[in-house]
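Right, one structure below, let's go through it.
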Amino acid sequence: MSRSAGTRADPRSYDLDDLRERVLGERGGAVDDSIPQLARADAELCALALVLPDGTVRTSAQADAAFSVQSAVKPFLFALALLDTGGQALDRIGIEPTGESFDAIKLETGTGRPPNPMVNAGALLTASLVEGGDVAGRQERIVEGLSAFAAQDLEVDEDVAQSEHLLGDRNHALAHLMRAEGTLSVGADDAVAVYARACAVLVDARALAVMGATLACGGRNPVSGRRIVPPQVARDVVSVMATCGVYDGSGRWMRSVGVPAKSSVSGGIVLSAPDVLGAAVVSPPLDEQGTSVRGRIASEELSAELGLHVFASGGT
Ligand code: GLN
């Protein structure tokens, strides 16, 4: 199916609906059931979007279907934490891949820091480092910050936020563990409340692709034209997406797709190919690592057909 580098497709005319049709027949994976709202997700939903550095937005059918951002928020929480702490967040959190699942009850050996910002322990911490004073202030700043990345006003699904907060036992456990290690400085319940609400922000494939494109464009939003974070922050975030963004599937992802990305339990995946494009794919059925099955296949195809793999040479 894939084209060789020699017949690379043009993202401006690339047929996203054709790609969507090709992956729709894939029946593998299972919808997440950690909270009732996610368990009710439409397993047939499948949408793609891509955004180019000049602000061109291309979408497939269903690119305006809303879903909660879930873990695809983690790169942006990391970005906001880096911005608000002037880079000091890097002293508070590791950046090494874990080889374990997203909610593993595990901290960095010797330091008690979260292993990286793309697993739950790390995102609980980065969300706590975003400025705002109290819980409500941090929550507001996060929604504002995410909206700036998306170039549109994003909203929170309050039911999802509440379920995540109430049912996220492993997140509560991680927050308490970080309190015990002295690495989380806000209250454990407050940390979970802020992270849970960040996961409950509603996006669609289009908005998520704009967010990914902002990172791909060095922190300048190509749609609004606004600088959201400095180039160094965008580079740091995309680097960690490349090594840790797909949890214990990150190595295989980089081999087969070759584009820094972040997966999520709602089935959304955000991709950032520096200076080339940002993209998003969503389809709820997930594989063992919590990655959208159709999303992975579509990302592999997109990468092969547009020549996005960072480690593929042009040679034959
Ligand atoms: N809200 C989910 C959780 O913390 C997000 C996890 C994910 O998308 N992998 O459990």
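The values are calculated or read from the model by the stated rules, or taken from the named source; none is laboratory data. Just so it is clear, the structure is predicted and the values come from calculations on it, not from any experiment. We place every Cβ from the backbone using ideal geometry, glycine too, and count neighbours over all the protein chains shown.
Note on the stretch 83-106: residues that are within 16 Å of the ligand (Cβ to nearest atom), in contact with a Lys or Arg (Cβ under 7 Å, 6 or more places away or on another chain) and among the aliphatic types (A, V, I, L, M) total 1. Just one of the numbered conditions (1) farther than 30 Å from Asn221 by Cβ; (2) within 16 Å of the ligand (Cβ to nearest atom); (3) touching a Pro at 6+ places or on another chain (Cβ under 8 Å) is not true of Ala41: (1). Six or more apart or on different chains, Cβ atoms under 6 Å: show the pairs whose first residue is in the stretch 288-316 and of a type in the set (Lys, Arg) and whose second is at pLDDT 95 or above. Close Cβ pairs satisfying both conditions: Arg294/Val23; Arg294/Glu26; Arg294/Cys46; Arg294/Ser283. Counting residues in the stretch 14-21 that are within 18 Å of the chain's Cα centre (by Cα), in a helix (DSSP H, G or I) and at pLDDT 95 or above gives zero.
The single condition among (1) modelled with pLDDT under 95; (2) in contact with a Gly (Cβ under 6 Å, 6 or more places away or on another chain) that Thr109 does not meet is (2).
Among the residues of the stretch 283-305, how many are of a type in the set (A, V, I, L, M) and closer than 11 Å to Gly268 by Cα? Give the derivation first.
At the first step, the residues of the stretch 283-305 found to be of a type in the set (A, V, I, L, M) are 286, 293, 297-298, 302, 304.
Now drop any that are not closer than 11 Å to Gly268 by Cα, which leaves 286, 293.
Total meeting the criteria: 2.
Screening Arg235, Arg252 for residues that are without any contact (Cβ under 8 Å) to a residue 12 or more places away in the chain and away from the ligand (no atom under 16 Å from the Cβ) leaves exactly one candidate, Arg252. Taking each residue of the stretch 169-198 that is within 18 Å of Asn116 (Cα to Cα) and looking for partners that are among the basic types (Lys, Arg) and assigned to a loop (DSSP other than H, G, I, E, B) with beta-carbon atoms closer than 8 Å, six or more apart or interchain, yields Glu181/Arg113; Thr183/Arg113.
Of the residues that sit in the stretch 127-173 and are hydroxyl-bearing (Ser, Thr, Tyr) and away from the ligand (no atom under 13 Å from the Cβ), which one is surrounded by the fewest Cβ atoms within 10 Å (Cβ to Cβ)? Checked the stretch 127-173; the qualifying residue surrounded by the fewest Cβ atoms within 10 Å (Cβ to Cβ) is Ser147.
Could we say that Asp17 is touching a Leu at 6+ places or on another chain (Cβ under 9 Å) and of a type in the set (Asp, Glu) here?
Working: touching a Leu at 6+ places or on another chain (Cβ under 9 Å): yes; of a type in the set (Asp, Glu): yes.
It is true that Asp17 is touching a Leu at 6+ places or on another chain (Cβ under 9 Å) and of a type in the set (Asp, Glu).
Within the stretch 59-82, can you find the residues that are at positive phi and either without any contact (Cβ under 8 Å) to a residue 40 or more places away in the chain or near the ligand (Cβ under 9 Å from one of its atoms) (or both)?
From the stretch 59-82, those at positive phi are 62, 70; that's our starting set.
The one that is at positive phi and either without any contact (Cβ under 8 Å) to a residue 40 or more places away in the chain or near the ligand (Cβ under 9 Å from one of its atoms) (or both): Gln70.
Considering only the stretch 177-189, how many residues are of a type in the set (D, E, K, R) and within 15 Å of the ligand (Cβ to nearest atom)?
Step one: of the stretch 177-189, the residues of a type in the set (D, E, K, R) are 179, 181, 189.
Among the residues that remain, those that are also within 15 Å of the ligand (Cβ to nearest atom) are: 189.
Counting residues in the stretch 177-189 that are of a type in the set (D, E, K, R) and within 15 Å of the ligand (Cβ to nearest atom) gives 1.
Between Val210, Val192, the distinction of being more than 12 Å from the ligand (Cβ to nearest atom), of a type in the set (A, V, I, L, M, F, W, C) and part of a helix (DSSP H, G or I) belongs to Val210 only.
Looking at Val257, Val229, Val265 in this structure, which one is touching an Asp or Glu at 6+ places or on another chain (Cβ under 6 Å), away from the ligand (no atom under 16 Å from the Cβ) and at negative phi?
On the way: Val229 fails: touching an Asp or Glu at 6+ places or on another chain (Cβ under 6 Å); Val265 fails: away from the ligand (no atom under 16 Å from the Cβ).
The match here is Val257.
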